[in-house]
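Working notes for the structure below.
The values are calculated or read from the model by the stated rules, or taken from the named source; none is laboratory data. Values in this document were obtained by computation on a predicted structure and should not be read as measured data. Backbone-built Cβ (ideal geometry, glycine too); neighbour counts: all protein chains shown.
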Amino acid sequence: MPALSTVGIQQLAREAGFDLCGVAPVRNFGELSVFPAWIAAGRHGEMKYMEARDEAGELKRAALARVAPWARSVLVCAINYNTAQPYSTQATDPSRGWISRYAWSREDYHDAVMRRLLIFESKLKELIGATGARQPATSNQQLATDNCFRAYVDTGPLIERVFAKHAGIGWIGKNTCLINQKLGSWLFLGVILTSLELATDLPAPDRCGTCTRCIAACPTQAIVAPGEIDARLCISYLTIEKRGSIPEGLRAAMGRHVFGCDICQDVCPWNRKAPASQLPEFQPREQLVNPALDWLAEITPEDFRETFRGSPVRRAKLNGLRRNAIVAMANSKNEKFAVALERLATDPDATVSEHARWALEKLRQKDS
């Protein structure tokens, strides 16, 4: 088998459409040791998928070597999704909501990244003459002896940003986002596990220094310590993963965010000069940049399906998005929303109607 040099691997990744690529070893890195305690403290909220365990009852994401004993190296790829549109901190119209910029694109990033990963994998196999390589056995008792690969985009048994750090892609910032010195933190990650013993890259040095802008800027104080997030307080979690009623004490701090949040990245100095992607699939659908709140709050199932086809926004579900828009309407303090909120206060969905009644009360408090 021909030797795979670091330069050669990076070249293949670029040919597949990635901006960055590195190789990390399969190890129980120190950053992974905090994950079980984070889960035990319940800081993952309702994201039960993070609790997935192996046959021995251990958390899968905490020890890749246990879950995929055949894997010897982790190829980590990154692609820039930044656009030239204003940041959330620059958009000032309170009658319009904010959808996180990663969800503006014309194609779900899972599909866009996976397509490139499979091209990259194919190029690797072609280079080493392993185009017929089979997938590794599922039994943890059998180590794969052939050249095996498995590609993942957010679905693998690992914490991608930890391996990205040790693959030299970037460092993990105080906001827990991966940051690259040239591209900033607007990065989608994809990984390929392989049974190949590859030369690994050096971890990226931490360049956050004494900066704490992300911590200070978080409206809900979800960054409880440098590098520590309580997801239950995070606006992204509240608007995407949280089902049912949002705790009242957090609603006002959510501002006009209706899907995700970019604040901790918007204020990061490393994103000031982050380049914008020219890839067509990552260019924003204009109707998703600062959408009208009253439209979102009363969007029909048909419009929801049509507008958000292929978009990560679908993860919030129809009534979750409507709930979020209602909270943003209350936070806007705009009296024009009162009529719509009165209709929504009798909505058949209990969560929507409860949030609408709360929003009406907040608007009336403004008037008194």
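All conditions but one from (1) in contact with a Lys or Arg (Cβ under 9 Å, 6 or more places away or on another chain); (2) β-branched (Val, Ile, Thr); (3) without any contact (Cβ under 8 Å) to a residue 24 or more places away in the chain apply to Thr83; the one that does not is (3).
For region 13-33, the set of residues classified as assigned to a helix (DSSP H, G or I) and out of contact with any strand residue (DSSP E or B) (no Cβ under 8 Å at 6 or more places or on another chain) consists of Glu15, Gly30, Leu32, Ser33, listed by residue number. Considering the conditions (1) within 21 Å of Ile235 (Cα to Cα); (2) modelled with pLDDT under 95; (3) surrounded by 16 or more Cβ atoms within 10 Å (Cβ to Cβ), Leu124 is excluded by exactly one of them, (1).
Would it be correct to say that Ser236 is outside the structural domain of Leu360 (by TED's automatic domain parsing) and within 19 Å of Leu178 (Cα to Cα)? The answer is no for Ser236. Scan region 35-46 and tell me whether some residue there is touching a residue at least 24 places away in the same chain (Cβ under 8 Å), assigned to a helix (DSSP H, G or I), outside the structural domain of Lys242 (by TED's automatic domain parsing) and not aromatic (Phe, Trp, Tyr). Looking for residues that are touching a residue at least 24 places away in the same chain (Cβ under 8 Å), assigned to a helix (DSSP H, G or I), outside the structural domain of Lys242 (by TED's automatic domain parsing) and not aromatic (Phe, Trp, Tyr), one finds at least one in region 35-46, hence yes.
Being small (Gly, Ala, Ser) and within 16 Å of Arg272 (Cα to Cα) is the filter; apply it to region 56-90 and report the residue that is modelled with the lowest pLDDT. First the steps, then the outcome.
Our first condition is that a residue be small (Gly, Ala, Ser); within region 56-90, this holds for 56-57, 62-63, 65, 68, 71, 73, 78, 84, 88.
Remaining after also requiring within 16 Å of Arg272 (Cα to Cα): 84, 88.
On the way: Ala84: 90, Ser88: 82.
Filtering first and then ranking leaves Ser88.
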